[in-house]
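Report on the following structure.
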Amino acid sequence: MSGHGRGRRWAVVAALVAVLCALPAVVAALPADGADVAAADLRDAVLASAGVGFSGYAVSAGGLTLPVSDQLPAVADLLSDRVQLRVWWRGEDEHRVDVVGAAGETGVHTDPAGTWTWEYESATAERTGPAPLTLPAPPDLVPASLGRRLLSEAGDDELARIGARRVAGRDALGLRLVPAAAASSVARVDVWADAATGLPLAVEVLAEGATTPALDTRFLDLDLAVPPAGVVAFDPPPGARVRQGADPGGLLREAADRALSPGRLPAELAGLPRRTLEGAPEAVGLYGRGVTLLAVAPVPGRLAAGVRSALAAAPDAVRDERGTRIAAGPLGLMLVDAPGAGTFLLTGTVDLDALADAAAALTGAPS
């Protein structure tokens, strides 16, 4: 298969992962007494911190080994390696995050009209517009934005306080989220929030049965002041190569359009209710709540063969009559052949049993 074909098939996988990242933002009130705040109030403080400006230095260590590294190395590196982040944050739609690594430096500048990604070594600037579905990017790993996203749909009964610690020289209050859904592959999410502002300073995500985090991101240095606009803004310098970035949602819609008709997806899969996500193709199903999500999308046959081979080659792949499935930390992936409806790709923060149950519902096989 050509490199173009491989890129297309993994674009489908990456776009589905992007679906799982598209949780809504919620704003709530900051509690008056941070030291004695209850778990639900601390969550509300975290969600209310979206307006806090800051700059700082953070590190993120990921443990997700995804089968996409050959086609989408930047995404795979973000989720599987140690990444250094320099952050200037004026707001949710106005910020800059520089990724510093051994191979060089990449700057991601976000403004209300879209995002500039500047690759210093190649002098290449890529422009992308706002989109409901986007690939995981450096700003998604900033503790402040990640913590708010993961807590945005957390129920009171899923939360508990876990004490306090010092993070980046500041007092941070601990909050633990344990998903209530039986299908969840996430054991817990720990968020450490600034006692004064509610701003998440550190986030750890652990998969079921794991002893080390699948994702650990934290500030090492932090300045709680709004950075100058000029530091965040970006204009391609003279001589730069400028290109237009691809739309992951468009790639996903194209893949769905080329697949066989998926019919009507069920209202529930693996015990998770179907939900709506603005901008997602109708052929794509999104199920669950909070940090427990399952995405389902049809895959054209000529792309499915390559995905099937890659999943089957994974050392811990499970293969049976329902399909082939793997787990990369808390993220599960499965390819399912549904008679008369085509082939589906399932991915999400659900365990392998939940993937198998979802496959049975899609194919009509006994669970």
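Compute from the Cα atoms of region 150-191 the Rg and the Dmax, the latter being the longest Cα-Cα distance, and quote both in angstrom.
11.7, 38
Given a 1.4 angstrom probe, I'd like the percentage of the accessible area of region 263-356 that is carbon and sulfur, rounded to a whole number. Intermediate results must be reported in sequence, preceding the final value.
Values: 1890 of 3790 Å².
With neighbouring chains kept in place, the figure for region 263-356 is 50 percent.
For region 281-358 and region 109-131, write down the distance between their C-alpha centroids in whole Å.
Cα centroid to Cα centroid, the span is 31 Å.
Please give the peptides 45-57, 153-165, 324-336 ranked by average Cβ packing (other Cβ atoms within 10 Å per residue), highest first, as a rough proxy for protection.
Highest-to-lowest ranking by the protection proxy: 324-336, 45-57, 153-165.
Set the Förster radius R0 to 41 Å, insert the Cβ-Cβ distance between A160 and V242 as r into 1/(1 + (r/R0)^6), and round the FRET efficiency to 0.05.
0.25
The values are calculated or read from the model by the stated rules, or taken from the named source; none is laboratory data. The shown structure was predicted, so the numbers you read here are calculated from the model rather than taken from an experiment. Quick reminder, even Gly has a Cβ in these numbers, built from the backbone with ideal geometry, and neighbours come from all protein chains shown. Ligands, DNA and RNA are excluded from the accessible area calculation, which covers all protein heavy atoms including side chains. Shrake-Rupley method; radii C 1.70, N 1.55, O 1.52, S 1.80 Å.
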